[in-house]
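Structure, as structure tokens:
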Amino acid sequence: MSFRIVPDSGFADSVGRGTVTGAPSAVGVHDTLRHGGVLSHASEHNDRHPLEARLAGWDRTRDEMQMEAMRRVYGLGEPVRRGMELHVAKLGWTPSVMGNAPVGLEVLKGTDTQLSVDDVYPGGVASMGRNKVGGFHDEMERGLARARQF
Amino acid sequence: MDHSLGIDWKALKKGEVSMGTTIAAVKYDGGVLLAADSRTTTGAYIANRVTDKLTQIYDNIWCCRSGSAADTQAVADILHYYLQMYEAQNGAPPTVRVAANLAAEMCYSNKDNLSAGLIVAGWDAKSGGEVYSIPLGGSIHKQDIAIGGSGSTYIYGYVDTNFRKDMTREEAIDFLKHAIALAMERDGSSGGVIRMAAIDGKSIDRYFFADADIPAAWNAPASAT
């Protein structure tokens, strides 16, 4: 409940087998064929730019700070209510024509007029061209299949 | 950064703009007076020689900022945002004590990332004028007079000798003007003009002293006869 206004530096307290996504046959070693990503513990934790953790955690830290300020001024009900509304919005419709973006959630957070690289490449720049956005017809069929269940 | 228990005064991040500075605030009979020099540096370059380091964070609550310019501006902005919510909810403006304690908590919770020394001073109907000093680590000290910044080390003797409780506003202005001028003479990170703000619950008056109005201690021009 402390009043953090700036993200932590993000250094891990410990690194080991528990933090690694491995193969069933070799648990302690990161399996790049199955999961992709970094090759070793060292490259994941060493030689990172100090700005990286700050940028990655910025929005989350600022939101938590606002929730904490509201908790102190208005009471616990305010951040709980806002958290519930965000959760409900996350379960809403993600239209495929808008790149599977949660439209209601973005309107609630006030970011619906903002466009960033995460909106163009949702899986990060490394996933360029690999995001398969289903067509309009697939989405309608899925909706009709849901409506048909009783 | 060394690992001793001491505070690293030079802990500015690379390329940051510093307000190595001299700030002061004193409680006088009827209100509080804040004063600061006006030099902002980036290394040896004076980025701004007429800075206003006295920031209003609420109607009658002001703060003097020292340390990193960016960090203190961020803290002051968040304080202002929070105090507006506070007044909306409680129907009455926040007291200086509330503002100062919030600033201290912010500085303490983020002490690994911030380099901000604040003096929060103001007037409220409940307690009159109050001065709170919040140095680098995030502790809070309620005092009748507070000085801060790199230049303050040079004027502790002068302040200890010449401070009196319940001065008039004119006496307080004269006192702080001499104190800041002495610090500006000796500290390389302090200089420019002297800005002041007097808060007494009825009005807020800003003062500005430059060039000939700044008292010269040891190199006073020869008097014309």
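Output the residue which, of all residues in segment B:78-94 that are more than 10 Å from chain A (Cβ to nearest Cβ) and part of a helix (DSSP H, G or I), is nearest to B:PRO135 (Cα to Cα).
Result: B:LEU79.
If I go through segment A:56-75 residue by residue, how many of them are of a type in the set (A, V, I, L, M) and away from every other protein chain (no Cβ under 14 Å)? Can you show your working first?
Of segment A:56-75, the ones of a type in the set (A, V, I, L, M) are A:56, A:65, A:67, A:69-70, A:73.
Right, trim to away from every other protein chain (no Cβ under 14 Å) and you get A:56.
The qualifying residues number 1.
The rows are residues; the columns are (1) modelled with pLDDT of 95 or more; (2) assigned to a loop (DSSP other than H, G, I, E, B); (3) more than 16 Å from B:SER150 (Cα to Cα); (4) under 17 Å from the mean Cα position of the chain (by Cα).
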position	(1), (2), (3), (4)
B:THR21	no, yes, no, yes
B:ALA24	yes, no, no, yes
B:LEU34	yes, no, yes, yes
B:ALA47	no, no, yes, no
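Within segment A:37-55, how many residues turn out to be in a loop (DSSP other than H, G, I, E, B), away from every other protein chain (no Cβ under 14 Å) and either within 17 Å of A:SER9 (Cα to Cα) or touching a residue at least 60 places away in the same chain (Cβ under 8 Å) (or both)?
At the first step, the residues of segment A:37-55 found to be in a loop (DSSP other than H, G, I, E, B) are A:37-40, A:46-49.
Checking the rest, the ones that are also away from every other protein chain (no Cβ under 14 Å) come to A:37-40, A:46-48.
Checking the rest, the ones that are also either within 17 Å of A:SER9 (Cα to Cα) or touching a residue at least 60 places away in the same chain (Cβ under 8 Å) (or both) come to A:46-48.
Residues flagged as in a loop (DSSP other than H, G, I, E, B), away from every other protein chain (no Cβ under 14 Å) and either within 17 Å of A:SER9 (Cα to Cα) or touching a residue at least 60 places away in the same chain (Cβ under 8 Å) (or both) within segment A:37-55 amount to 3.
Which of the strands (runs of 3 or more DSSP E) found entirely inside segment B:95-206 contain at least 1 residues meeting this: crowded, with 20+ Cβ neighbours inside 10 Å?
On the way: elements: B:116-124, B:128-134, B:141-143, B:145-148, B:194-199.
Ranges flagged: B:116-124, B:128-134, B:145-148, B:194-199.
The values are calculated or read from the model by the stated rules, or taken from the named source; none is laboratory data. Note that the structure is predicted; figures quoted are calculated from it, not measured. So basically every Cβ, Gly included, is an ideal-geometry build from the backbone, and we count neighbours across all protein chains shown.
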